[in-house]
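Inspection log for the structure reproduced underneath, given as structure tokens.
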Amino acid sequence: MATVTAKSEVKATRVATPKVRQTKLLINGKWQDAVSGKTFATVNPATEEVIAQVAEGDAADVDLAAKAARKAFESGPWSKMDARDRGRLINKLADLMEQNIDELAALETLDNGKPVRDSRAADLPLAIDCLRYYAGWADKLTGETIPIRGNYFCYTRREPMGVVGQIIPWNFPLLMVAWKWGPALAAGCTIVMKPAEQTPLTALRVGELAMEAGFPAGVINLIPGYGPTAGAALVKHPQVDKIAFTGEHRTAQIIMGDAAQTLKRLTFELGGKSPNVIFADADLDAAVAGTEFGLFFNQGQCCCAGSRVFVEEKIHAEFVSKLVQRAALRKLGDPLHPDTMQGPQVDRDQFDKILSYIAKGNAAGAKCVAGGKRHGDKGFFIEPTIFDHVTDDMAIATDEIFGPVLSVLPFKSTEEVIERANSTMFGLAAAVWTRDVGKAHQFAKNVRAGTVWVNCYDVFDAAAPFGGFKMSGIGRELGSAALQNYTELKTVTMALD
Ligand code: NAI
Ligand code: MG
């Protein structure tokens with residue numbers, strides 16, 4: 001996300017609290033209440049106040065949405081639309097998002113708590129860019145002609161997978177919409193999406209923009225609600241061909257079990273405990289800045305957060321002192337104020353989980369050298385926290401904390417640090433800081449992770465695949481790789497005599 005900086009476009013005064021325009025379910029092109037009539041509250045994590053009541057979908061609504069998506073896939077205008085026109089619709093949605101970028105950024109900040117300078121400069125531009133990238137793919141999904149034995153004409157077609165269920169988390173609510181819709185729509189699938197219960201508002205607003213863009217009824221359906229009810233119903237629904245899920249690995253285990261009955265295709269983008277390795281020959285100031293960004297960005301709520309910071313012993317003391325100084329400069333506060341660098345955690349559950357890990361770090365004997373407490377007395381704010389002298393076996397070094405808690409682990413040699421970097425069940429991302437090209441490539445080759453950053457962190461682009469080794473996921477999002485997640489390959493063989 002370091003690639004997108006548009007701070008000059010962010011206004012100097014506090015951004016006005018945006019209006020909530022849409023709180024219902026989107027099924028078959030119509031906004032409606034849940035069949036049960038139930039609603040749930042979405043909360044502003046900066047104030048702990050209720051923002052709005054949102055329709056709470058469950059199995060009955062998922063059933064209606066899946067049937068609408070099935071109909072749109074089998075027989076609606078979408079199924080007959082030329083691929084290039086699908087691309088034009090995706091581009092139109094991206095244009096509408098750009099026209100409403102300030103409103104969407106403010107709404108994302110209101111619901112999630114992330115600083116508006118980040119939502120305006122990173123989440124929104126990246127989401128729009130992602131949709132445009134996939135719009136360009138819509139008419140470029142080709143098959144092959146294959147020289148088989150005998151007098152036959154053999155070719156393959158890449159066909160849309162069908163109705164796809166998409167279940168997304170709360171840490172990048174709108175960006176996850178773009179990562180999921182882009183390849184699915186480009187491939188010609190239809191969608192039933194369940195946004196996270198903590199952050200449903202921007203997905204619903206973008207649903208409105210999708211209707212304005214002209215997506216036919218049933219192509220995009222939105223069912224806000226809870227995981228064990230709406231989410232599980234989507235996973236089990238016989239008319240849904242595939243589930244794309246981003247969230248916790250434990251949830252993915254439940255989903256995999258629930259999907260067994262219907263043998264759904266599954267792609268997972270899960271958590272991590274990503275190693276960020278600083279060698280003594282690195283540009284130290286760049287490494288310190290990248291380490292701060294790599295962990296504290298988005299309040300530490302990133303699947304690829306660089307939460308295990310391995311620092312070569314020779315520079316350990318100097319590095320930690322510089323990092324502590326930078327952490328102290330982070331401005332916490334009202335996320336709608338453009339100066340704010342760190343907002344609240346998304347909800348009380350996450351806030352409590354993070355504080356419990358800070359307590360575990362202290363109890364295990366790690367040295368807390370920055371932060372370590374709640375910030376203020378209202379809202380789910382936690383101070384930027386740094387633990388030094390962490391050992392590999394401590395819970396703060398093994399578990400995904402998903403908050404502003406950084407662990408520093410000293411190391412001596414390249415072989416040692418590669419082995420320790422890999423001694424985790426996760427394998428999402430890794431980074432290395434060094435001026436030695438050979439060392440950088442050695443690390444990049446040997447670390448078991450889906451993304452490796454060298455002398456940078458969190459550089460994302462819609463064209464570059466992203467996903468996990470080991471328990472960090474199955475499949476890749478972004479790039480041409482993600483199109484595989486939404487297409488089936490068909491082989492056609494025709495006798496020529
Ligand atoms: P979660 O995995 O439970 O939630 C993610 C999505 O899955 C939400 O939309 C939720 O409603 C849905 N879901 C939950 N249970 C489900 C079920 N049984 N069937 C179908 N869908 C279900 O994550 P949660 O509880 O919000 O956060 C817990 C931890 O997960 C975090 O502390 C963090 O460590 C990790 N996490 C990782 C993310 C990532 O980007 N890899 C994103 C969010 C959380
Ligand atoms: Mg959960």
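Structure notes:
- ³J(HN,Hα), Karplus 6.51/-1.76/1.60, whole Hz, each residue of segment 372-389, x for Gly, Pro: x, 9, 5, 9, x, 10, 9, x, 8, 8, 10, 4, x, 10, 10, 9, 9, 6
- Gyration tensor over alpha-carbon atoms, segment 425-497, equivalent ellipsoid semi-axes in Å: 34, 14, 12
- On Cα atoms only, tilt of 83-99 relative to the major axis of the chain in degrees: 40
- Calculated log₁₀ intensity ratio I(q)/I(0) where the Debye formula runs over C-alpha points of segment 270-399, q = 0.12, 0.21 Å⁻¹: -0.45, -1.42
- Computed [θ] at 222 nm, helices only, for the chain once each DSSP H run of length n ≥ 4 contributes -39500 (n - 2.57): -10500 deg cm²/dmol
- The aspartates and glutamates within cross-link reach of K67, meaning a Cα-to-Cα straight distance under 15 Å and a gap of 8 or more places when in the same chain, are D58, D241.
- Candidates P115, M341, N91 compared by Cα position along the dipole of the chain: farthest toward the positive end lies N91, with charges placed on Cβ.
- Per-residue Cβ neighbour rank within 10 angstrom, fewest leading, Y155, Y133: Y155, Y133
- Among D339, D399, D458, sorting on how many other beta-carbon atoms sit within 10 Å of each Cβ, with the fewest leading, yields D339, D399, D458.
- Over segment 232-340, the pair-distance histogram of Cα-Cα distances with 10 Å bins from zero comes to 13, 30, 21, 19, 14, 3 percent, rounded to whole numbers.
- Percent antiparallel among DSSP beta bridges (both partners in the chain, rounded to 5): 45
- Per-residue Karplus couplings for segment 109-122, computed as 6.51 cos²θ - 1.76 cosθ + 1.60 with θ equal to phi - 60°, are listed in order as 5, 4, 7, 9, x, 6, x, 5, 5, 7, 5, 6, 9, 10 Hz, Gly and Pro entered as x.
- Stokes-Einstein diffusion for segment 49-197 at 4 °C, viscosity 1.567 mPa s, with a Kirkwood radius from C-alpha pairs, works out to 75 µm²/s.
- Rounded tilt (10° steps) of 201-213 against the dominant C-alpha axis of the chain: 40
- Distant-in-sequence amide contacts of M193, defined by a placed amide H-H separation under 5 Å and a gap of 5 or more residues or a different chain, comprise Q166, N221, L222, I223.
- Cα-Cα over 18 Å, subset of K114/K367; K114/K273; K114/K331; K242/K273; K80/K236; K180/K242: K114/K367; K114/K273; K242/K273; K80/K236
- For segment 325-390, the Stokes-Einstein estimate of translational diffusion at 4 °C and a viscosity of 1.567 mPa s comes to 103 µm²/s, using the Kirkwood hydrodynamic radius over alpha-carbon pairs.
- Annotation: the residues I223, I146, I382, sorted from fewest to most other C-beta atoms within 10 Å of their own C-beta, follow the order I146, I382, I223.
- Across segment 392-443 the C-alpha pair distances fall into 5 Å bins from zero in the proportions 4, 15, 27, 27, 15, 9, 3 percent.
- Equivalent ellipsoid dimensions for segment 328-471 as semi-axes, Å, which come from the Cα gyration tensor, largest first: 29, 20, 15
- Tilt relative to the chain, helix 59-74 - C-alpha long axis, 0 to 90 degrees, to 10: 60
- Gyration tensor analysis over the Cα atoms of segment 106-190 returns equivalent ellipsoid semi-axes of 39, 13, 8 Å (largest first, whole Å).
- The string of couplings for segment 447-455 from the Karplus curve (6.51, -1.76, 1.60, θ = phi - 60°) is 7, 8, 8, x, 9, 10, 9, 10, 6 Hz, one whole number per residue in order, with x for Gly and Pro.
- The chain pair-distance distribution - Cα-Cα, 10 Å bins, rounded %: 4, 20, 29, 26, 15, 6, 1, 0, 0
Each reported figure results from applying straightforward, stated rules to the coordinates on display, with no laboratory input. Here the structure is a predicted model, which is why all the values come from computation and not from measurement. When we count neighbours, we look across all protein chains shown, and the Cβ atoms used for this are built from the backbone with ideal geometry, even at glycine.
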